[in-house]
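The values are calculated or read from the model by the stated rules, or taken from the named source; none is laboratory data. This one's a predicted model, so the numbers in the text were calculated from it and none came from an experiment. Don't worry about glycine lacking a Cβ; one is built from the backbone with ideal geometry, like all the others, and counts go over all protein chains shown.
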Amino acid sequence: MSGQTVSGKVTAENGDELPYANVYLKKTKIGTSSDDSGFYELNKIPKDNYTLIISSIGYKTKAIQISITADKKITRDVILMEDDSLDEIVVSGTLRPVSKTNSPVPVEVYSETFFRKNPTPSIFESLQNVNGVRPQLNCSVCNTGDIHINGLEGPYTFVLIDGMPLVSGLSTVYGLTGIPQALIERVEIVKGPASTLYGSEAVGGIINVITKKAANAPILATDVMASSWGEVNTDISMSYKASDKVQGLLGINYFNYQNRIDNNNDNFTDMTLQNRISIFNKVNIERKSNKVFTIAGRYVYEDRWGGEMDWEKEFRGGNQIYGESIYTNRWETFGTYELPTSENLSFQFSANGHYQDSYYGETSYDAEQLVGFGQLIYSKQLGKKHDLLLGAAYRYTFYDDNTFATLNENGIENNPSIIHLPGVFAQDEISLSDRKKLLLGVRWDHNSLHGNIFSPRVNYKWNSRDKSNIVRLSAGNGFRVANVFTEDHAALTGARTVEFEGELNPETSWNTNINYVKKINTENSFITLDASAFYTYFNNRILPDYESDPNKIIYANLEGSSVSQGVSLNADLLFTNGLAINAGATLMEVSVTENGVKRKQLLTESFSGVWSISYKFSNDFSIDYTGNLYGPMRLPLLGENDPRDEYSPWFSIQNIQLTKKFTNSWELYGGVKNLLNFTPAANSINNAGNPFDINVNTELNPERAFDPSYVYTSNQGIRAFAGVRYTLF
């Protein structure tokens, strides 16, 4: 015999057989899956000591030590314990690790596996299959975008990396790409205001990208994907040991697309050409006290342009051939240091610099932003009922550009914006009983330009004795200072003139939310239902007004109110036969009321639905069918004679993927994106044949003006894709 055989049966703790369980020897290429009766067999195993790993959906992974000493058969039957799928550890809701079930704040968790069902070049695109979250493109030419949560615009979404506020201001538009997918462990999403813990900007919700720990990451992970449109995306991550006490995680992402395609025949590129590289490094330093010390950094460079098909670099900034060209340089650093004290005291810090050199036709936009952030957090358990969290934070923001937004009062001298934002916050998580929790929080900030900011919140959670029913109630407020040029791409492109009506005051909002989770376990399935109802009321809201004057975009504080309200439902179904279904729908109304007139907010859908259906076959072959469905959105028009439709149609973007795992290291995948080949109307860019408005009086004939802001989804049609992953443990 050339080696030994290990076989056995995989069963659940109740005695049921577990088919399609993953069984492999750690740090080897020897692996298999259990058959329909739960039986597995590994053959040709060389003599050595091994760790046998057995895992199955809905059950806790088990590791067994085995020793191969002679050529004979070994039998190892395995019993897997049920794993409560809700008990993922989350940090975004309360700023400290807690099981998802016990968190008084509803937190949605999406793992690396979820995003692999529809692989994309960036985290921005990956979120298209999350219920209530929509990546919104804001320009048909340069394809910039932001992320909407429950119908609220991108600037209301606070994006964090490992809990640090890194994506805001300038990077709201251009900083959401370039996070290496191979480094992402999970993404946590909190819908609704989180200003008490995270300060201003966390009005609509937070998206917290959690990167992997070096100790848990594979030695090497590579993922290379290409599409029939000519896109090439490469993700590489490596864990390393610099010394006995220093472990690191290095990640590189490179994305390239240089294929000029114009399927709608408007003489403009359907998709922006891009060349982007991102380098990420995270270091964990072990200390004698076992206290945490991590520091990380990221650098992103991107060169993107879109425009007329015959545009070249020599036309950048000129008025002969229209193009939108953006160079982005961005650096970030962040980390956590637990102080060497007997108390639970930690310091978190981050800093980033964002530099943008861009032209939108003839319009130049050069901007620089520097942000420094630090906070000290003290956590203390008081008796059995109180979990106290105290914090002090400071944020420094420097912003300068070449627009009138940074000119002084005389409109001549440059006057960069500098904002100091110190603050303190307190939170008490009170255990009223084993099944009831009350969370009280309050935050005070002092904005050097706008004065004091007060942000309270309250959360209540109840669960049944077996935790199969969970109810959460929450209420709180949000606060945000708007920066139009860093957040709204429409202010820079097209023929409209930007106009401000008075000084823009900070926006405030109040939010309430009720969340109900129901878990149903049967012999063959694990079902989780998650339903929410939400209501947000805004004062002083700042929205671009495209309709009062078709030649202008007018920014002003709303003299009235704005409301975002709706309901959502998520269903997560796991079956022991290899089928997994995740589906969700959100029904909402986002309205603006001014001067007694109520109207639907622009670029906001009333209905959205998402789904992901996966099936894993016994031969390490799987299929994923993902998609979304959106209802009509009201779109910005150029007056009454604009020939374009006022509302977008119902549309759906659907994808299918086939994956074959050959060993524990190699995996091939491929499929088709946008199966229905849906793209917006060919006339979405108004007056595409005259982008510089030559011989056009836009005041007399606004409908003849060049306008690329009429956009609700990508012009990229159906395409095939294929990729390969290699992982070395």
Problem set entry | Looking only at the range 679-704, and only at residues there that are surrounded by fewer than 23 Cβ atoms within 10 Å (Cβ to Cβ), touching an Asp or Glu at 6+ places or on another chain (Cβ under 9 Å) and of a type in the set (A, V, I, L, M, F, W, C), the one that is farthest from Ser652 (Cα to Cα) | Phe692
Problem set entry | Count of residues meeting criterion [at pLDDT below 90 and surrounded by fewer than 17 Cβ atoms within 10 Å (Cβ to Cβ)] in the range 367-380 | 0
Problem set entry | Condition met for Asn329 (assigned by TED's automatic domain parsing to the domain that holds Tyr254, in contact with a Phe, Trp or Tyr (Cβ under 7 Å, 6 or more places away or on another chain), surrounded by fewer than 16 Cβ atoms within 10 Å (Cβ to Cβ) and not β-branched (Val, Ile, Thr)) | yes
Problem set entry | Criterion violated by Thr113 - all others in (1) within 15 Å of Gly204 (Cβ to Cβ); (2) without any contact (Cβ under 8 Å) to a residue 60 or more places away in the chain; (3) hydroxyl-bearing (Ser, Thr, Tyr) satisfied | (1)
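Quick check on Ala221: is it in a strand (DSSP E or B), crowded, with 16+ Cβ neighbours inside 10 Å and at pLDDT 95 or above?
Judged against the criteria, Ala221 is not a match.
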For this session: For residues that are assigned to a helix (DSSP H, G or I) and polar (S, T, N, Q), scanning just the range 150-196, find the one that is modelled with the lowest pLDDT.
Result: Thr172
For this session: Filter the range 229-264 down to residues that are touching a helix residue (DSSP H, G or I) at 6+ places or on another chain (Cβ under 7 Å) and either among the small types (Gly, Ala, Ser) or at pLDDT 95 or above (or both) and give me whichever is nearest to Glu286 (Cα to Cα).
Result: Gly248
Exercise. In the range 606-621, which residues are aliphatic (A, V, I, L, M) and free of Cβ contacts under 8 Å to residues at least 40 places away in the same chain?
Worked result: Ile613
Seminar exercise, completed: Considering residues that are under 21 Å from the mean Cα position of the chain (by Cα) and farther than 22 Å from Phe293 by Cα, the number found within the range 346-370 is 2
Exercise. Do you know which residues across the range 657-667 are crowded, with 18+ Cβ neighbours inside 10 Å and either part of a loop (DSSP other than H, G, I, E, B) or free of Cβ contacts under 8 Å to residues at least 12 places away in the same chain (or both)?
Worked result: Asn664
Problem set entry | Search result, residues across the range 96-154 that are crowded, with 22+ Cβ neighbours inside 10 Å, among the polar types (S, T, N, Q) and under 27 Å from Tyr460 (Cα atoms) | Ser103, Asn131, Asn150
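The rows are residues; the columns are (1) touching a residue at least 40 places away in the same chain (Cβ under 8 Å); (2) part of a loop (DSSP other than H, G, I, E, B); (3) in contact with a Cys (Cβ under 6 Å, 6 or more places away or on another chain); (4) on the phi > 0 side of the Ramachandran plot.
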residue	(1), (2), (3), (4)
Pro636	yes, yes, no, no
Ser652	no, no, no, no
Asn655	yes, no, no, no
Tyr669	yes, no, no, no
Leu675	yes, yes, no, no
Exercise. Could you give every pair whose Cβ atoms fall below 6 Å, whose first residue belongs to the range 566-582 and is among the β-branched types (Val, Ile, Thr), and whose second residue is modelled with pLDDT of 90 or more and in a strand (DSSP E or B), counting only separations of at least 6 or pairs across chains?
Worked result: Val567/Ala533; Val567/Leu587; Ile581/Leu573; Ile581/Ile613
Seminar exercise, completed: Just one listed residue, out of Ser608, Ser612, is touching a Lys or Arg at 6+ places or on another chain (Cβ under 6 Å), surrounded by 15 or more Cβ atoms within 10 Å (Cβ to Cβ) and either assigned by TED's automatic domain parsing to the domain that holds Leu676 or at pLDDT below 90 (or both), and it is Ser612
For this session: Please identify the pairs in which a residue from the range 116-127 that is in a loop (DSSP other than H, G, I, E, B) has its Cβ atom under 8 Å from the Cβ atom of a residue that is hydroxyl-bearing (Ser, Thr, Tyr) and at pLDDT below 90, counting only partners at least 6 apart or on another chain.
Result: Asn118/Ser126; Thr120/Ser126; Pro121/Thr177; Ser122/Thr177
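With Tyr59, Tyr40, Tyr20 as the choices, which residue is assigned by TED's automatic domain parsing to the domain that holds Lys72, at pLDDT 90 or above and either more than 37 Å from the chain's Cα centre (by Cα) or hydroxyl-bearing (Ser, Thr, Tyr) (or both)?
Just one listed residue meets the conditions, Tyr40.
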Seminar exercise, completed: Among the residues of the range 685-728, the number that are assigned to a loop (DSSP other than H, G, I, E, B) and under 27 Å from the mean Cα position of the chain (by Cα) is 11
For this session: Name the single residue, out of those in the range 626-653 being surrounded by fewer than 19 Cβ atoms within 10 Å (Cβ to Cβ) and polar (S, T, N, Q), that is modelled with the highest pLDDT.
Result: Ser652
Exercise. How many residues are farther than 20 Å from Pro680 by Cβ and over 27 Å from the mean Cα position of the chain (by Cα) when one looks only at the range 611-638?
Worked result: 5
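Would you be able to tell me the number of residues in the range 527-578 that are of a type in the set (Phe, Trp, Tyr) and at pLDDT 85 or above?
Adding up the residues that qualify gives 4.
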